[in-house]
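Beneath this line is the structure, given in structure tokens, with notes to follow.
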Protein chains: 4
Amino acid sequence: MTRVGVLGATGAVGQRFIQLLSSHDDFEIAALTASSDSAGKPYKEAAKWRVDTPIPDSVADVDVLETTPEAVPNDVDLLFSSLPSSVAERVEHGFCEAGYVVSSNSSNERNAADVPLVIPEVNADHLDLIEVQRDERGWDGALVKNPNCSTITMVPTLAALDRFGLDRVHVSTLQAVSGAGYSGVSSMEILDNVIPHIGGEEEKMETESRKLLGEFTGSEIDWHDVDVSASCNRVPTLDGHLENVWAELDDDPTVEDVFAAFEDYAGQDLPSAPSPLIETFEEPDRPQPRLDRFLGDGMAVAAGGVQQTPDGVQYNCLAHNTIRGAAGASVLNGELLERDGWL
Amino acid sequence: MTRVGVLGATGAVGQRFIQLLSSHDDFEIAALTASSDSAGKPYKEAAKWRVDTPIPDSVADVDVLETTPEAVPNDVDLLFSSLPSSVAERVEHGFCEAGYVVSSNSSNERNAADVPLVIPEVNADHLDLIEVQRDERGWDGALVKNPNCSTITMVPTLAALDRFGLDRVHVSTLQAVSGAGYSGVSSMEILDNVIPHIGGEEEKMETESRKLLGEFTGSEIDWHDVDVSASCNRVPTLDGHLENVWAELDDDPTVEDVFAAFEDYAGQDLPSAPSPLIETFEEPDRPQPRLDRFLGDGMAVAAGGVQQTPDGVQYNCLAHNTIRGAAGASVLNGELLERDGWL
Amino acid sequence: MTRVGVLGATGAVGQRFIQLLSSHDDFEIAALTASSDSAGKPYKEAAKWRVDTPIPDSVADVDVLETTPEAVPNDVDLLFSSLPSSVAERVEHGFCEAGYVVSSNSSNERNAADVPLVIPEVNADHLDLIEVQRDERGWDGALVKNPNCSTITMVPTLAALDRFGLDRVHVSTLQAVSGAGYSGVSSMEILDNVIPHIGGEEEKMETESRKLLGEFTGSEIDWHDVDVSASCNRVPTLDGHLENVWAELDDDPTVEDVFAAFEDYAGQDLPSAPSPLIETFEEPDRPQPRLDRFLGDGMAVAAGGVQQTPDGVQYNCLAHNTIRGAAGASVLNGELLERDGWL
Amino acid sequence: MTRVGVLGATGAVGQRFIQLLSSHDDFEIAALTASSDSAGKPYKEAAKWRVDTPIPDSVADVDVLETTPEAVPNDVDLLFSSLPSSVAERVEHGFCEAGYVVSSNSSNERNAADVPLVIPEVNADHLDLIEVQRDERGWDGALVKNPNCSTITMVPTLAALDRFGLDRVHVSTLQAVSGAGYSGVSSMEILDNVIPHIGGEEEKMETESRKLLGEFTGSEIDWHDVDVSASCNRVPTLDGHLENVWAELDDDPTVEDVFAAFEDYAGQDLPSAPSPLIETFEEPDRPQPRLDRFLGDGMAVAAGGVQQTPDGVQYNCLAHNTIRGAAGASVLNGELLERDGWL
């Protein structure tokens, strides 16, 4: 068993980390950290547990640690981070300098030239950028990022379509409230309403997609030149981001070609990787957040509503934003880091 | 006062007709019709009143009539129709043959060559197609349609942008449940969920937009050649359709140019016409359905979130789907019919 | 394996039956029936599957049968019924006459003198009423009912409190929309709203509770004389009925006494029976529907918010209305019927 | 016109104050205060306006003042307060000492012996307690409170029933999220959920009801001895508290007697007082929050679902929690203070 820790273990994503890791076959939770207010308290007191499965016995009485390299045991090999982006850079750097490998869901540095931004099924080879990172930063550890939840939902489908020559993407998102954390969206804002703006989200989708779909040249990532134009909306759903996508393509695939491209897109042989990665629906009204967010234990991407357009295709895709789109994404990157010998 | 009737007065749109007409300065309700089950009952018994203002005293005890020309008094000059599209064609034709002018919200025949499909602020001159219609069909009456709620929300903004050369539109809709009528969307379908499909809605947006933006040549409508690609979603809001629009344009207007085009777009001098027609927001998170659907007493279109894209602009627009998008649209067409002498 | 059938397999409760039975250790699905419209179709076509786990492979391609004794194989030993109450009596009687044992969730005949109304943990001995039933009705089969979902949520807690002398109960329910079936509550009725009335529900809670808590004398049920006064509300939640209960008691138990009575209340040794039956919470804001409805795999009753009042106690209780409150209740009765040798 | 000010003008209740006061016939807004962060800014910048009518022109550009007696002009005669209860006592005392009359919605000191807690239609005569207050505290000004929103909803109906001898009340509340302010209830807490606890709410209902229904002896309030037992729930509605009430009575009134008592209960002749005060419904499924919260412009109490019980009656009542239950309640008290010569 690999001993792992969770930085920022009491928040919404932190609780998902614990839910996923507490039953993991290869990872064992050996450290939970939070802000200094919580340090020293048993986890069950420090966290207001709000996942709809009970708090795991294995963590309930574990004392929460300070979020510093000194506080975390040396035999921990891998850290998962869901720190607020305002503090993440400073704190994550400290751990990397101290020799820890950090698989982070925080949004800082995702576009940095020497930070691998990885979805294992899409661009596992970008992990080799760690060597560049260690050279440049002088770290024994390493920092790996997963993309934003709205990006993760779409990029596997774009990667599958890239065989047809991906030119341009328009995407409209219908995002669940859990993406903003426990107190991110107030009920007075969202009941009987939609908020047609999520700060910074459109830019994340536009840039992260290009880096993820890029080529690793051996020394750097050559970004894909796809032009993504996003419009992001918050809707009154709890979990599951649904996205309407139009992809302009060089080729002219049929609907059947597109379904085949989705269904054939290769997964990864990792404990948390779903098989298939992309689940498809013939019914025009699927996928739907509440019905389909738990496909592949929340790690699959669902796709449907495929139609030809004059210059490509349109379709809908969906993923569970706090599992595949956040905690599960970091765990999957952790599994890849272990398998490929980076720990 | 012009004496008017409502065909299909007990449903969701029918109740909105009554709410709007009961306080109208120029129209007086003189006939309410419904299915034969309801005929003969006082309106307050026939309709399960579900609007959040009390049932108007002026209609509460009025007996509901059969939906036939024989049952409706001869001195009624104008009929508003919100009949189910399955029966609307047959019934509406009967009234037109009997000499009634029908302003209809039903979806049948919207694309027929001799049926005016009208938004008064966009294409009031299309009303002259009534002469063609009367010639061809031998009617003394006339049949005029307003477009679908999702189309009405977007087309005023497209009309305003057409000065920049409108080429192509991608639009994603977030539509309220009231658009499907009282029992159209069950709570088990939509709570904590989104349904990424509304039967026939995408086609309506794609065709109706082209007809509305077309030119009346004197004998027919020359449809606009804009290519609209729509993706329609039902979300858990009660009223108000929000739409994310990308418009590809020949010219390259700035954000300020687009705001000016929206703000300058001319309204109509009709009792129910809002002024301005398009209300704009600088705040990136507006318009929102719950906060902005009642602008212009539910008859305005709200727009915001304007951004340049490589080939045009993206923005969001919003309208109240059962007022501007249904009952209010028909009433406004009725006001235009009266002003222009068609009654 | 006992071969079982589901009568009315395509509806909301029917789908829950299939979800629960498809992974059952002792029961094997051998017949699925529905209305004649669906008969002959594969189940996956006949049912619009709406549970958030995929349709089980074992039933997807099974042909749906007519709901008649002739259509159901003779080697089926136990039938679960979720027929609409309007047809249930006639149909269920037909099956009982033909020798089938029917565990029914339908509301008809729950108060009939010779029909056992059973919650296994509360009144398993009432099952002996089957002998009276067979004598009186001349059946080889048998008909057993479980109570209404709102009754099941409360009665285990009342049974636990009866040691303190149960006199009078006031109960206010906050019931989820799934209790009314897929199309029972429209979204326009319930979004941003509460409906303070559910037809017949208050009477069900008042009478069923007295029968369930009654004594079987050997020939009949001597109903408990507790006076229950219920007020039933529909709220915008999907699953999980929450109830505020005030119980007037002869004795004067402390809060600790009440917690102990709940925690000590004995369960049953049956495959679907949860252990403990009643899960308690110290936190005053629990149980909550979304967080706690899946306790005991949806078969537990949760209780919390216990406070003393001048004449007894008040508390809150919760159960999953379509599992413990409907399909799971019938399955549990089926397990009891098998264990006690009634099949 | 009486010149009035609003203390704490930027919050949810503060915005309701401004919505109500900006069109008031007798009151003119002359001062808006907020925390020192907001002081000096135009109101439209200091407040994130979230009411669904546009921000009134008359206040949009008014500079927000510090919440101190020095900052408020001397010619302001009446202040409305919706300060957080943590700071309200200190701040309100400062204004009262400086000679201002304060009509406050804040929860502090509602049960103080010399502070009038008033619903004008129920206990207008309690206002004479101001003389005691001035004597004891040495103030030139005065402090008057309105009760909590959940109390206001119920007490007019209890006052109407007191003619039958009110003994004991059980009440279960289904309260809207706006009662907790803009950020009080997060969407992740309440979507698809109910929270069966609102801190301090049950105690408020139990004590405030007794004070409101009490008798003013000339020197103090002799509290009513009714025993109220409340259970308070937060539900996913925006506005409008619904309450299920059981009232035990000495007499045995019929349902008709109860309706008559509600309908005959006298209102007040004040600008914001609705007529009738209590609107009744025969339909068993009314009142409902979304349909009925705006009765009497949000100032009426709605009642329905009346049934006899063995020892009294049960019924449902409803009021708009931020109008009748908060800002409107304070404004109405302000109107009473003016009419009765206390300004």
Volume per residue of the C-alpha convex hull in segment C:54-99, rounded to whole Å³: 100 Å³
Which of these, D:Asp311, D:Asp52, D:Asp222, has the largest mean-square fluctuation under a Gaussian network model of chain D (Cα springs below 10 Å)? D:Asp52
Using unit Cβ charges (K, R positive; D, E negative) and no other charged atoms, how large, in debye to the nearest 20, is the dipole of segment A:34-182 about its Cα centre? 720 debye
Taking the Cα centre as origin and putting +1 on Lys and Arg beta-carbons and -1 on Asp and Glu beta-carbons, what dipole magnitude results for the protein assembly as shown, to the nearest 20 debye? 0 debye
Nearest residue to the symmetry axis between C and D, taken on chain C by its Cβ, in whole Å: C:Ser172, 2
In a GNM of chain B with a 10 Å cut-off on Cα contacts, which of B:Ala30, B:Ala319, B:Ala60 has the highest mean-square fluctuation? B:Ala60
Quick check: convex hull over the Cα atoms of segment D:149-320, volume per residue in Å³, rounded to an integer? 129 Å³
Cβ-derived FRET efficiency at R0 30 Å, C:Asp264 paired with C:Leu343, nearest 0.05: 0.45
Least to most buried among D:Ser82, B:Ser36, by other C-beta atoms within 10 Å and fewest first, runs B:Ser36, D:Ser82
Amide H neighbours of D:Glu279 under 5 Å, at least 5 residues apart or on other chains, H built in the peptide plane: list them. D:Val301, D:Ala302, D:Ala303
Could you list D:Val226, D:Val171 in order of exposure, starting from the residue whose Cβ has the fewest other Cβ atoms within 10 Å? D:Val226, D:Val171
I'd like the distance between the alpha-carbon centres of segment D:97-119 and segment B:11-61, rounded to an integer number of Å. 46 Å
Links that overshoot a 21 Å alpha carbon limit, given the list B:Lys145/B:Lys211; D:Lys145/D:Lys211; A:Lys44/A:Lys145; B:Lys48/B:Lys145; A:Lys41/A:Lys145; A:Lys145/A:Lys211: A:Lys44/A:Lys145; B:Lys48/B:Lys145; A:Lys41/A:Lys145
Based on the Cα coordinates of segment A:120-193, what is the per residue volume of their convex hull in Å³? 161 Å³
Mind listing the long-range amide H neighbours of B:Asp227? Cut-off is under 5 Å, sequence gap 5 or more, other chains count too, H placed in the peptide plane at 1.01 Å from N. B:Arg168, B:Val169
List the residues whose amide H sits under 5 Å from the amide H of D:Leu78, counting only those 5 or more places along or on another chain, with H placed 1.01 Å from N in the peptide plane. D:Gly5
log10 I(q)/I(0), Debye, Cα-only segment B:275-343, no solvent, q = 0.16, 0.18 Å⁻¹? -0.62, -0.71
By the Cα gyration tensor axes a ≥ b ≥ c (a/c under 1.5 gives rounded; else a/b larger than b/c gives prolate, otherwise oblate), the shape of segment C:60-197 is oblate
Listed with the fewest Cβ neighbours within 10 Å leading, A:Arg290, A:Arg210 appear as A:Arg210, A:Arg290
Cβ under 14 Å from D:Glu201's Cβ, D:Glu201 left aside: what net charge do those residues give with Lys, Arg +1 and Asp, Glu -1? -3
Plugging the Cβ-Cβ distance of D:Glu66 and D:Glu136 into 1/(1 + (r/R0)^6) at R0 = 22 Å yields, to the nearest 0.05, a FRET efficiency of 0.20
Connecting C-alpha atoms closer than 10 Å in a GNM of chain C, tell me which of C:His93, C:His197, C:His126 has the biggest fluctuation. C:His197
How long is chain B along each principal axis, judged by its Cα atoms, biggest number first, in Å? 60, 49, 34
Cβ-Cβ cut-off under 14 Å around A:Val101, Lys and Arg +1, Asp and Glu -1: the net charge is -4
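Can you tell me the FRET efficiency between B:Asp311 and C:Ser23 if r is taken as the Cβ-Cβ distance and R0 is 60 Å, rounded to the nearest 0.05?
FRET efficiency, B:Asp311 to C:Ser23: 0.70.
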What is the P(r) of the protein assembly as shown, as percent of Cα-Cα pairs per 10 Å bin from 0? 2, 8, 15, 19, 21, 19, 12, 5, 1, 0
What value does segment D:228-311 have for Rg/Rh, both radii from Cα atoms and Rh as Kirkwood defines it? 0.97
Using the Karplus curve 6.51 cos²θ - 1.76 cosθ + 1.60 with θ = phi - 60°, work out ³J(HN,Hα) for each residue of segment C:175-185 in order, rounded to whole Hz, and write x for Gly and Pro. 9, 6, 5, 5, x, 9, x, 4, 10, x, 10
Tally the DSSP beta bridges in segment B:1-75 and give the antiparallel ones as a percent, rounded to 5. 10 percent
Taking every DSSP bridge whose two residues both lie in chain A, the antiparallel percent to the nearest 5 is 45 percent
Nearest 500 deg cm²/dmol is fine: what mean residue ellipticity at 222 nm does chain B get from its DSSP H runs of n ≥ 4 alone, each adding -39,500 (n - 2.57), divided by its residue count? -8000 deg cm²/dmol
Taking each label point as 7 Å beyond Cα in the direction of the beta carbon, state the distances from C:Gly218 to the same residue in the other copies, shortest first, in nm. 7.3, 9.6, 10.4
Would you work out the charge dipole size for segment A:149-321 about its Cα centre, treating the Cβ of every Lys and Arg as +1 and the Cβ of every Asp and Glu as -1, and quote it to the nearest 20 debye? 740 debye
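Every number here is computed from the coordinates shown, using simple stated rules; none is lab data. The model shown is predicted, which means the values in this text are computed figures rather than measured ones. Reconstructed Cβ throughout: ideal geometry from the backbone, glycine too, with neighbour counts over all protein chains shown.
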